[in-house]
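The values are calculated or read from the model by the stated rules, or taken from the named source; none is laboratory data. Keep in mind it's a predicted model, so treat the numbers as computed, not measured. Cβ: placed from backbone, ideal geometry, glycine included. Neighbour counts: every protein chain shown. For the accessible areas, the whole protein counts, side chains as well, though only heavy atoms, and no ligand, DNA or RNA atoms are used. Shrake-Rupley method; radii C 1.70, N 1.55, O 1.52, S 1.80 Å.
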Amino acid sequence: MAEPPGRRRRDGALACLSSRWWWRGAFLLGLSGACGEVAPNRPFQVVRPTNDHGSMVPVVEGLQALAQHDAKIALVSVVGPYHSGKSFLLNALAGQTNVFAIGRMTSPETMGIWLCRTDMRASDGAEVWLMDSEGFFGPGVSESYDAKIFTIASLLGGHLVYNTVKIIDQQAVTLLEMLARRAQLFRTRSSAEPNSAEAPEFLSVRSFPPLTWVVEDFVQELPEQHRLREDGATAWLRSYLSKVNQSDIVNEHGYSEDQHFLARLYKDLKVQTLFLPATSKEQLTDLSKVTWDQLTPEFQHELSDLKAHILSHLEARKFEGKSMRGPTLERCLRFIVQALQRGMFHELPSLWATWTSQVAEMSLQDAESWFASLLQGVDVTEDPVPVSVFNAEVEARRERAHEFYRELLRDFDVRPNFRKLADKIDHHFQHKLVQYHERIQRWVQDLVHRAKDTFANAMERVELPMDPAALKQLGEKDSKVLRQEFASHLQAFSRAGSPVTLGKPAQMPAFSQDPVSQLTIELRSLQEQRDLQNDRVIMQAFKGAVAAADEAVEAELKAHSGRLMGKAQLKDLQSSALSKCHQTFDESLAMHRWMTQLPHYKTHKAQARTESYDSKIGRFIATNDQRLSMHFNTAVERCVTYYRARKANLAMPVAESDLETEHRALEGSVRDLLDEQAGHGGELKDTEAYRGAVRMLAEVVEEGARHARQKNIELWKVHSDEATRCALRENEIVRRQCGWQCFFNKVPGVHRSTCMRHLMQCFGRSGAGSKMSPQMQMLVFESWYLKDLAAEASAVRTFFYTSIVTLVVGAVLFCAFWQRPPSQPSSAFQQNWPPRYGRPM
C-alpha cells in the first residue's frame with residue numbers, strides 16, 4: 001500500500017535512537033553469561049527496523065541467546081499504538097516499574113521487538129516471557145510496517161494483549177480489524193508457499209491466540225445493561241461487535257451467532273479496563289519514577305485481575321508436536337522475518353477505481369455540503385419559527401441541493417444517485433431537526449415560565465392574610481385564563497403546513513410531559529405555594545394572638561406575685577387569669593373575623609390556654625407552694641425552738657397528772673404561735689403547707705411529751721433510791737433461801753412478780769414512795785426492772801428456756817425408743833430355719 005499523505009520517514013535521530021536500544025540489548029545479553037540461560041527481567045532486542053523503517057531484520061545476538069535457552073516458553077505479546085503505555089503495562093505485569101524503558105518524550109521509545117524472561121509460570125509450567133513491540137501509528141511509519149509488527153506478535157504469542165487508552169470506539173475496532181486481517185492473510189500465504197516445509201505448524205491453525213483488549217486510563221461508565229455484569233466490559237464489546245456486524249441471531253449467552261471477524265479469529269476475546277495508575281501530573285509525566293506502592297489501588301486491583309486471567313490459560317505454542325522452547329522460538333522468528341522480507345505481506349488495493357466514480361462521489365459531497373450551508377439559514381430568529389415555516393424553508397433548500405447536484409453531473413456520464421443524496425441530506429436534516437426540537441423545547445419552557453411569572457405576580461398582589469377559600473377561587477380563575485391562552489398559542493405553532501415531497505417533514509418534538517399538563521401542574525404548584533404562604537401568615541396571626549394572651553396572663557399573675565395565697569385565693573386568681581387569656585386572644589383576631597371559622601381557631605385557643613394559662617398558672621401555684629412550704633418550715637422551726645425552751649423549764653419530778661396539765665398548756669401556746677403565721681384571717685389554713693406544718697409540730701410535741709414523761713419517771717426513780725436498795729436486799733435474801741424446788745431464780749414470771757412485791761413493800765416503808773401515785777410506782781418499777789435488773793432477769797430466762805428445751809428433747813427421744821418394734825430375722829434366715837437335714841443347703 002502506498003504511504004498515506006502527511007506521513008514522513010523517520011530521520012537520523014530515530015535511527016540513532018534505534019542503535020542505542022540495540023546496544024542496550026546486546027549489553028543485557030552479555031550479562032546473561034555463558035551458561036545458556038537468559039537472565040530474568042532483562043529485556044533484549046530480537047528484531048529491529050531497517051534504516052528506512054520499511055522492513056525489519058533479526059538481531060543476531062538476541063536470537064543466539066534465545067537459541068541457547070532450552071526451556072519451555074509461553075509468550076505474552078503486547079501491542080498497541082505508540083505512547084499508549086505498553087512498556088509500562090509490561091513492567092506492571094512483571095512486578096517492577098523499571099524493566100522496560102519508559103520515556104516522557106513525544107517520540108516512540110521502543111524500536112522493533114524485545115523479549116524479556118520473567119519469574120512467572122504458565123498453566124502448563126512453561127516460563128512466561130513478555131514481548132514488547134514498537135508502537136503503531138508512529139510518525140513517519142507506514143501502516144504496512146505496523147501490520148508486520150502485529151503479525152509477529154499474533155503468530156508467536158500464547159496470549160495477545162492489545163493496549164489502547166481511554167475508550168474503545170469504531171475507529172479503534174476498524175484499525176484492529178485491519179491489522180488482524182493482514183496478519184491472517186500473511187499466515188495463509190506463508191503456509192501455502194511451495195518451500196514452506198519448515199513453516200511452524202501454528203501457521204495452519206485457523207484461530208489466533210486469546211486476545212485481551214486492555215483499555216488504560218479508563219474512567220468512563222459502561223452502559224447500564226452491562227454495568228452490573230461480572231465481565232461487563234467484555235459483554236459490551238461483544239454486543240458492540242454484533243451491532244457492527246448487523247446480526248439478528250443471538251445465542252444463549254446473548255452474543256451474535258453471526259460473529260464479527262475479530263470474535264471468529266480469536267478463540268478467546270476479553271476486555272480489561274485499567275484505572276489511572278497515578279493521579280498527580282508529575283507521576284503521570286514519567287511513570288518510570290513511580291514505585292509499585294505509589295500506584296492507585298484501583299489500578300493495582302484491576303491489574304491483578306488481568307494478570308490472573310492471562311496466566312490462568314496461558315500455554316506454550318506447539319512446534320513439531322512439542323511445546324515451544326528457546327531454539328524453536330528462534331527458528332520461528334527467523335522464518336517470519338524472512339517471509340516478510342520476501343514480500344509475502346499483502347498490500348491493499350486502491351480505494352477508488354475510476355475518475356468518474358470520484359467525480360460522482362465528490363458531487364455528492366459538494367451537494368451535501370451545499371445543503372448543509374443552506375440549512376444554516378433556517379430557523380435563525382430569536383424564537384423558533386412555526387413548524388409550517390420550518391418545513392417550507394427546509395423543502396426549498398432540498399430543491400436547491402438537488403438542482404445543484406444535477407448541474408455538477410451534467411457533463412459526466414454518471415447516473416445521479418438521488419437516493420444516496422437524500423440519505424446524506426436527511427442526515428443533516430436530522431441533526432438540524434434535533435437542534436430545532438431543542439429550541440422548541442426551550443421556547444415552550446420559556447412560555448411556561450412567562451405564564452408562571454404572570455400568575456405569580458397576580459398572586460403576589462393579593463394582600464395576606466386572606467380567607468383561604470376566597471384565595472383558592474381567585475387563583476383557579478387566573479390559572480384557567482392562562483392555560484387557555486397557552487394552549488391556543490401552542491396549537492397555532494404546531495400546524496404542519498403544506499406537504500413536503502423530497503424528505504421527511506418536521507413535527508413537534510416529543511415532550512416528556514405534555515406542555516399544557518406541565519403548565520397546569522406548575523400553576524397548581526404556585527397556587528399551593530401562595531396558599532402555603534397565606535397559611536403561614538394566618539398561623540403568625542394566631543401565634544400573635546397566643547403571645548398576646550400569654551402577656552395578659554403574665555401581667556395578671558405578676559400583680560399577685562408579691563404575697564402568699566391560700567387555695568380559695570388561688571381559685572379566684574385562676575378564674576380571673578383564664579378570663580383575661582380568652583378575652584385577649586379574641587381581641588387580637590378582631591380585624592379578621594373569618595379566622596374564627598377556621599379549624600386553627602379552636603386549636604390555637606386551646607394552645608393559648610395550655611401554653612399561656614395552664615403552664616404559667618401551674619408555675620405560679622408551684623412557686624406559691626414552695627414559698628408557703630418555706631414560710632411554714634420557718635414557722636415550725638420557731639415554734640419548735642419556743643416549745644423546747646418552755647419544756648426544759650417544766651418542774652419535775654411531779655405527779656403524772658400535773659405533768660400532763662402543764663404540757664397541754666404548753667402545746668396550746670405553741671399551736672397559737674403557728675396559727676399566727678397563717679394570716680390575719682387564717683386564709684392560709686386551707687393549704688397543704690399549713691397542714692403539713694401542723695403535723696410536723698404535732699410530731700415534735702408528741703415526742704417531747706414522751707420524753708418529759710420518761711424524764712419524770714427517771715427523776716422519780718432517782719428519788720426512790722432507798723426503796724430500790726431495799727428491794728435488792730429482799731431479792732438477795734430470797735435467792736439464798738431458794739433451792740431446787742424454788743421458782744424465783746428459775747421462772748421469769750415468778751422472778752418479776754417477786755421483785756415487784758419487794759419494791760412495793762419498800763415504797764411503803766420509804767418517804768419517797770408516799771409521794772408517788774400507784775401508777776407512778778409501777779412505772780418506776782418497770783424502769784428499775786428493765787435497766788437495773790436486766791442481767792439478772794436475762795439469766796433467769798436463759799435457764800428457764802434451756803430447761804424446757806432439754807425436757808422436750810428428752811421426752812421425744814424416750815417416746816421414739818419406747819414405740820420402736822422388735823427387730824425381725826432376715827428373710828434368708830427365715831427360709832433356712834429350722835434346718836432340713838438330708839438335703840444340701
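Just read off the accessible area of Val387 with the full protein assembly in place, 1.4 Å probe, to the nearest 10 Å².
So the heavy atoms of Val387 present about 0 Å² to solvent.
How far, in nm, would the chain grow between Ala622 and Asp446 when pulled straight, counting 0.36 nm per residue and subtracting the alpha carbon separation?
Values: separation 176, 0.36 × 176 = 63.36 nm, distance 6.44 nm.
Result: 56.9 nm gained on full extension.
Assign unit charges at the C-beta atoms only (+1 for Lys and Arg, -1 for Asp and Glu), then state the dipole size of segment 368-503 relative to its Cα centre in Debye, rounded to the nearest 20. Mind dumping the intermediate values first?
Working: 20 positive and 22 negative charges, 73 e Å.
The dipole magnitude comes to about 360 debye.
At a probe size of 1.4 Å, how large is the accessible area of Lys558, to the nearest 10 Å²?
150
Which order do Glu792, Glu722, Glu61 take by accessible area at a 1.4 Å probe, largest first? All intermediate terms of the calculation are to be shown ahead of the outcome.
On the way: Glu792 50, Glu722 110, Glu61 75 Å².
Ranked from most to least accessible, the order is Glu722, Glu61, Glu792.
Can you find, among Ser770, Val694, Phe743, the residue farthest towards the positive end of the dipole of segment 690-790? Put +1 on the C-beta of Lys and Arg, -1 on that of Asp and Glu.
So the residue furthest toward the plus end is Phe743.
What is the distance in Å between the Cα centroid of segment 388-463 and that of segment 533-590?
71
Using amide H atoms built 1.01 Å from N in the peptide plane, name the residues 5+ places from Val57, or on other chains, whose amide H lies under 5 Å from its own.
Arg48, Thr50
Rank these residues by their accessible area, most exposed first, probe 1.4 Å: Met539, Met595. Walk me through the intermediate numbers first.
Values: Met539 50, Met595 0 Å².
Most to least solvent-accessible, the answer reads Met539, Met595.
What does the highest-first list of 457-469, 73-85 look like by mean Cβ count within 10 Å? The partial results should precede the final answer.
On the way: 457-469: 13.9, 73-85: 23.4.
The peptides rank, most packed first, as 73-85, 457-469.
Amide H of Trp213 versus every other amide H placed in the peptide plane: which residues, excluding those fewer than 5 positions away on the same chain, fall under 5 Å?
Sorted by chain and number, the residues that satisfy this are Tyr162, Lys270, Val271, Gln272.
Compare Arg627, Arg415 by solvent-accessible area with a 1.4 Å probe and give them largest first, with all protein chains kept in place. All intermediate terms of the calculation are to be shown ahead of the outcome.
Numbers: Arg627 85, Arg415 215 Å².
In descending accessible area the options line up as Arg415, Arg627.
Among His53, Leu130, Asn98, which residue has its Cα positioned farthest towards the positive end of the charge dipole of segment 52-131, with +1 placed on the Cβ of Lys and Arg, -1 on the Cβ of Asp and Glu, and the dipole taken about the Cα centre?
Asn98
7 Å from Cα along Cα→Cβ at both Met362 and Val414: what's the point-to-point distance in nm?
0.9
Counting only residues 5 or more places away or on other chains, whose amide H sits under 5 Å from the amide H of Thr110 once H atoms are built in the peptide plane?
Gly135
What does the accessible area of Thr798 come to, in Å² to the nearest 10, when a probe of 1.4 Å is used?
The value for Thr798 is about 80 Å².
Applying the Karplus parametrisation 6.51 cos²θ - 1.76 cosθ + 1.60 with θ = phi - 60° to the phi angles of segment 623-637, what ³J(HN,Hα) value in whole Hz is obtained for each residue in order, glycine and proline being reported as x?
Karplus-based 3J(HN,Hα) across segment 623-637 equals 5, 4, 5, 5, 5, 4, 4, 5, 4, 6, 4, 5, 5, 5, 4 Hz.
Give the aspartates and glutamates whose C-alpha is closer than 16 Å to that of Lys605, dropping any in the same chain fewer than 8 places away, or say none.
Straight-distance partners of Lys605: Asp550, Glu551, Asp586, Glu587, Asp614.
Might you report the magnitude of the Cβ-based charge dipole of segment 394-449 about its Cα centre, with Lys and Arg at +1 and Asp and Glu at -1, to the nearest 20 debye? Each step should come with its number before you reach the end.
Values: 12 positive and 10 negative charges, 15 e Å.
Roughly 60 debye for segment 394-449.
Take the alpha carbon gyration tensor of segment 48-107, find the square roots of its eigenvalues, order them as a ≥ b ≥ c, and report rounded if a/c is under 1.5; if not, report prolate when a/b exceeds b/c, else oblate. Mind dumping the intermediate values first?
Values: a/c = 2.16, a/b = 1.12, b/c = 1.92.
Here segment 48-107 falls in the oblate category.
So, in nm, how far is label Ala510 from label Tyr801 when the simple model puts each one 7 Å beyond its Cα toward the Cβ?
Distance between label points: 10.5 nm.
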